Structure formats: structure tokens, C-alpha cells
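Have a look at the structure below, then the notes.
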Amino acid sequence: MTEPRIGVYVCHCGFNIAGTVDVKKVAEYAKTLPNVVVARDYVFMCSEPGQDLIKQDIKEHNLNRVVVASCSPSLHEVTFRTAVAEAGLNKYLMEMANIREHCSWVHHDKEKATEKAKEIVRMAVAKARYLDPLEELEVKAEQSALVLGGGVAGLRAALELANYGLQVYLVEKSPTIGGKAALIGYVDPKTKGAEIVSKMFELIKECPRIHIFTNSELIQLSGFAGNYTAKIRVNPRYVTEKCTLCGECEEVCPIEISNEYNFGLNKRKAIFLPFNNAYPPYYAIDHRVCVKCGECEKVCRFGAINLKQEPKIVELKVGALVIATGYDPYRPFKGEYGYGLHESIITLFQLARMLDPESPTKGELIIGGKIPKSIAFIQCVGSRNTTPGAKEYCSRMCCTTAINNAIKIKEKYPDTNVYIIYKDIMTYGSDESLYEEAGKKLVQFVKFEDKIPRVLITPEGLFIEVFEYTIQENIRIPVDAIVLSIGMLPPRDIEELIAVTRVSCGGEGFVREAHLKLAPVEAPTKGIFLAGCITGPKNILESIRMGSAAAAKAMSLLSKGKITIEPMIAQVNEEKCSGCAICVGVCPYSAISIKNVNGDRVAYVEKALCMGCGTCNAACPSGAMQHLGFKDVQLLAQTRAVFGGEVNV
Amino acid sequence: MSDFEPKIVVYACNWCTYAATDLAGTSRMSYPENVRIIRVMCSGRVDPQFVLQAFADGADGVIVAGCHPPADCHYLEGNYKAYRRFELFRKLLESFGIEKERFRLEWISAAEASRWVQVVNEMVAELKKLGPLKKNLEVKE
């Protein structure tokens, strides 16, 4: 190692530092530290003249390390790294001493603060002595992306990515794309979810760069940002593109089950078309219930049915992944507000579906065989800790959806009494106008607080008993039908998603973003992005926007055709490594494997996968694994310098 | 012992606790001067040898601090690695004759500047009561 020549720059930050810390004394002290060639103080180091001072010194004094004693590295590390790089020094040879946030701003005793600042500078100088020049690496980025989930968020992301020019593989578990938005009727008084989805289908059909895999799932993901390999299992549909949608097969199919595409409002066959506008526009056979009797194959005049289809494995190279696998509606337990005990107690999803002209009732409100004269929505079912099975969070979309559908009912059946029994109404943003409109249409709002309403099923009919908060009285409302405004749950198969993609969950069970404010839409693993309700409850607009955002982020990662890899990652000294593989087990990113080098087992770090946490370094018993930028010697030097000591290398 | 000022070495993860210490600064909170903060990317990076070295060199207390379990860790589960390591390490410390009050493993999120200040205040007060570390531990170079 060439002898370190260190320059120390103490910033006044106006009076922010100089007001509490005697910066001149700190600079004078820095001059006495080993290897320090020059030390200065200046009013604003981050200003152009301040940076020029550093650059000049690097050239004049032939500095090979720089310590800037100023604010937090989170504020100006990039600034000063860029400055030293402009003077020809490797930018990782700059270290910051945080004497503002950690000293001048939190202490008042000038003498003590000055002493502390000196020590902070001493610690930084000690670390700087052992800094290494580091080089950023570049890897090629595949110009393609995988979108998981064909709901509105996934569709939007796929369209954006394709518009940017990428090849897009859209993988959807069910036989059709469109997700739940295609089914839930009106998303606002004028727009049907199915219309939004149909418009997206039109664009997708025209786009040659979008490749759709329905009935498919991601079963393996390997590689790293820019270079993922995704294994997709394409489950057989048993119906080919020869299908003309004549529907004869459906008539002969002997299997009948509850139709999830109508939220259980009616039944469907094992061979079925999910909904009229489904895409791709062919029937599909539900392999979970089909008994392969062959009746459909016999009746099909177009030879479109092939019961001998086998699952296929497709391997795709993609640069990025967008996860948009959505949510599941909350599943009320039997007896939760009478659910499952009476035919006139339904969920909000069933009601919204019913009011869609494509539904089994053709858009008519028919519950328990009749048009209800009075109907009540109970809000927060499954949300906000209302019942033992409920989640803590607010599901965000249920208030607006309930009110929207209440207005629809009032428009169509002005004589029907509509009650909304709520805890709080959360029609945020412009949805507030719907709340007002519902009031004008005489939808009646009944507020409860801690005591949840009770549903009474009696021979005289259905009643809701509720302690009305505003009048502070128990009231009993006779109703013909009850709608449970159920919230959102993480999708049932989220565990499989986690196992394959290594994303992680927050406390609420949804996938969490790397950071809500600083790295939104990103998963912690580079190159994986998140869209829609997989990160938590959202309405359709928000999901669509997040789809766009995820695509834009994926694009900003891939657009240069190459990806820069941060150099502050783990590095193996193969001489020291014994191949014990402890590091392999502790790495949260599966970035480390054991390889064979001249007959010796040694650890190998896949640089593009390593995120630079340093856990392997702490776990390595032989010191072979080192976290560049935070190596043992660097951190020990910093530790010892607290007490004026030095490391022996 | 009234003028005894303990020295505390802190290993703070970049994403949560270091950010909280920054926030304490930008919020102009106030706490005693006794802490020296060393930035690591993750609490999972902290090697027990650093802590031992700090005690050997004269630290009166050491704090290792990271993101809240279960799910705040920027690196998914580094905080659990730290937890596993240091819960075991804590037991060893006592057998070295280092009182358990001298070592703290703390979870402080980026927003919890006041928690950071509270931890520093508590520890400084406790260490003042305990007095300087009676060094039974000699680390051979």
C-alpha cells in the first residue's frame, strides 16, 4: 500500500457547525494526526469554492485520501465523491466525518462539542487510511421484462414496458387476463371496470411485443437485475385457438362448481369462459375439477379441445420483474354478521358484480330471489379490527365502492331504502363528492363506534341492531338484504411468490416495498418492482398508476442497456477461504455459492446479486469475506481511534 | 465518580438507526456528548470482535442498533442475524466480567430520533452509576 496522504476539510456550514464547534481547533488538531498532509476549514465545503479547495489540494499535495468533516453522508457523500473524482482521485477514497448532525446540532457545550468533533475526525481519518479504490462494474441488461399478474396494475405495467420498446412476458395464473377489475361492475358512477380492462385488451392485442401466458405461473427465478432467468410453468388449457366460443361444450360438461368469476353468484362448468370479454377469447378447462370424461371433446365441431395437453416449462431471459399479483377479497367466517347463514347476506363483491349488466342477474338487484325494499351495507368487514378475524388496516376501497353502489341502487330503485352502517367514512380525495351525492339521494348513514352492529336472523326477517353513535341510542333496522363491505387480504398464494422471488412481507402480510418514501415501488432486490394491491389495499386508479410507476422504474434500470453494480459489496479472499459455507447460509440474497478453484472449495460472490449488507463478513470465521468499504480493518481502525489507538495490520 | 463521563461506541445501521441519529440532529434534539457513532450498512455487519475491541480499548458501553424486527431491515433479515449473534454474545460478556448493562442491542427506526435520544440518556445515566469498566479483559495483539 502506498503511504496514505490525507487531506482533512472541516466545514463551518455557516454557523451550523462553527456556532458550536471550534472548527479552527479541529482543523489544527487534524494536522497532528498520522498521514494527514493538509487540513483546512472553510465556510461551506459543499459550495463550489469549497469543492475547488479540495480539488486543488489533491493535485498540489498529491493527496490520495480525503476526509470531509461536515454534515451526514446521507446529504453530501455524493457531492464530495464527485468532487474528488473530478480531481482524478478514486471516489471511494473519500470519507465523511459527521460533525453536524452527530455533534454541533445536538450539543451545546462548545468545549465538549469541539473535543467530540476532534474525535469524530480522528475516527474518520483512521478509517480513511485503510480505504481502497473501488471500481463500479457494469453488466449487460436484457431488454425484456416479466410481468406477474394480469390485473389492471400488471396490464398497465406491461403496456408501458412494451411502449418503451421492451419485450414483455405477461404471466397470469388464471385462464384470462383482466383480474378482478373486469368483474366488479362500476368503479365510479360512469365507468365499468370491464370497460377499462377491455380498452387495455385492445391495446395489448395490437402490441406485438407483449407475450401473454395464461394458466401459467413462475416456478423459478435465478440471476440478478438485468439478467434474470425465469422458469414459467404453462399449465394446459385443453382448449386451443380453434375455439369459436359456440358454447356447446359447456352444455354437455357434467361438472358444476361455484363460479368464482361471478363471486359465487352462480355456477359454472369445468369447461367455461370466465366472462364474455375474457382474453385470450377461448374456453378453458379447469384442470382441478375436470374428470376428463371427454364429452366436450366429442361435441366440439371445431376440434378445439385436446385433453392430452401436458404442462410446458418455458424459460425466459428478462432484465426486470414486475410483481402485480393483486389481492384476495376478505373471506368472512361463517356467522360473521350472519354470513353463510342467510341467502340475503352477501358480500360487496357479489353486489358490485350483480349490478354489472354482464352478471347472472343482468344488472338487476335480486337478492334471495327478490328485489330488496331495504338494503344495508355494513362497512369495515374484515378491516380495522371490527371482528376477531379482521385485519388492523383500512382496506381503502370499500367505503367508496359501497357508496358508489348505493348510488347505483338509488338510481335504479328509488323506492329501496339504502343504509350504510359505518365506523368512519373514508371517501378520500375526489371520492368525497360521491359521499355528498349519496346523501342527496337519501342514502342513510348510520354510525357505530366500538360496539359492532349485530345481525339478527328472525322468522320476521333480517334486522340490524346497532348503537347509533350520533344519537347515542340502540336502533333496530329491518332489512331485506345485507351487504358486507369486505376488505382486502394478501393473495392466498403469497407464500409461493415469496419462496420463488425472495420478496418479503410487511406486518400486514402484503409484500413490502424497499422503502415507502425513499424507494417506493421497488422490492428490496434490485430489478424487482411491485405494482397494485400486492403491496396493500388500493383502488383501481392507484393500482393503474403504480403499474405505470413500476414500468418506469424498470425502464430507468434497463434503458441504458447496462447496469452499474455498486462496488461496496462482499469480496472473497480465496487464499483465506476454507469453503465452510457459513456465508452461503447467512446471505439474504442467495448471492454466495461455493465453487471449485483448483480443487479447493471456496466461496464465490455473484456481484450483481450482492446488495452490500456485510452480514457474510461478520459471519466469516477466517476473515476471508470482506465487505468493501466496511472491511474489518476499516471498522476496527475506526473503533480503536475512538480511544486514540491504531490497528496493527 | 460524579465527573465520570462514560464513553459509548455505537454501531448504527445506515438505513434505520444512523438515519435516526441524523434526524435527532436535524430536529435539534439534545443529548449528552458521550456517544461515538460508527456507520455500518446493516446491524448484521457488526462483528462481535468490534465490540470486544471497543471494551478492550476502554469503552464503558457499546450499542449495536438496527432496524425493527420483523420486517424493517433494508437487507431483509440482517437485524435477525444481529439479534442471534448478540443475544448469545451478551451471555459471554457477563462471563468476561462485563456487566450486561454495558451492552445494548437496540432497534431504532429512521423516524425514532426521540427513541435514540432516550437510549443515549438511559445508557449514560446507567453507566454513570456503574462507573468505568473494570477491565478484566486483556486482548492480546
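Worth a mention:
- Calculated FRET value between residue B:26 and residue A:298, using beta carbons and R₀ = 56 Å, to 0.05: 0.15
- Cα-based helix-to-principal-axis angle, A:632-641 vs chain A, degrees rounded to 10: 60 degrees
- Positive-end residue, the protein assembly as shown charge dipole about Cα centroid, Cβ charges, pick of A:171, A:628, A:56: A:171
- Residues whose amide H comes within less than 5 Å of that of residue A:268, counting only those at least five positions distant or on another chain, are A:257, A:258, A:259 (H built at 1.01 Å from N in the peptide plane).
- Among A:478, B:26, A:558 the positive-end extreme of the charge dipole of the protein assembly as shown (Cβ point charges): A:558
- Stretchable slack from residue A:492 to residue A:267, in nm (0.36 nm times residue separation minus alpha-carbon distance): 78.8 nm
- For a paramagnetic label modelled on residue A:519 (point 7 Å from Cα along Cα→Cβ), amide N atoms under 13 Å away belong, within region B:24-43, to B:41-42.
- Legend: helices of chain B (whole DSSP H runs) are marked when their alpha-carbon atoms reach 24 angstrom or more along the helix axis and their mean Kyte-Doolittle hydropathy is at least -1.0; marked are B:78-95, B:113-130.
- Chain A: relative contact order in percent, alpha carbon pairs under 8 Å with at least 6 residues between: 13 percent
- Cβ-placed point charges (K, R +1; D, E -1), dipole of region A:6-134 about Cα centre in debye, nearest 20: 240 debye
- Set of region A:298-341 residues, backbone N closer than 14 Å to the point 7 Å along the Cα-Cβ line of residue A:258: A:329-336, A:339-341
- Rounded to the nearest 0.05, the FRET efficiency derived from the C-beta distance between residue A:471 and residue A:415 at R0 = 22 Å is 0.30.
- 5 angstrom amide H check on residue A:224, placed H, neighbours 5+ away: A:229
- 12 Å beta-carbon shell around residue A:514, net charge (K/R +1, D/E -1): +1
- Simple rule: put +1 on each Lys or Arg Cβ and -1 on each Asp or Glu Cβ in the protein assembly as shown, find the dipole, and look at A:208, B:118, A:67; the Cα lying farthest toward the positive end is A:208.
- Angle in degrees between helix A:398-412 and the longest Cα principal axis of chain A, rounded to the nearest 10: 30 degrees
- In terms of other Cβ atoms within 10 Å, A:255, A:313 run from fewest to most in the order A:313, A:255.
- Efficiency of FRET from Cβ geometry, residue A:458 and residue A:240, R₀ 51 Å, rounded to 0.05: 0.40
- Rounded to the nearest 20, the Cβ-based charge dipole of chain A about its Cα centre (Lys and Arg +1, Asp and Glu -1) stands at 540 debye.
- For chain B, a crude dipole built from +1 on the beta carbon of Lys and Arg and -1 on the beta carbon of Asp and Glu, taken about the Cα centre, is about 200 debye to the nearest 20.
- In this structure, the amide hydrogen of residue A:374, modeled 1.01 Å from its nitrogen in the peptide plane, lies closer than 5 angstrom to those of A:417, A:480, A:481, counting only residues at least 5 positions away or on a different chain.
We did not get these values from a lab; they are worked out from the coordinates using the rules stated. Only a predicted model underlies this, so the values are computations on that prediction, with no experimental measurement involved. So basically every Cβ, Gly included, is an ideal-geometry build from the backbone, and we count neighbours across all protein chains shown.
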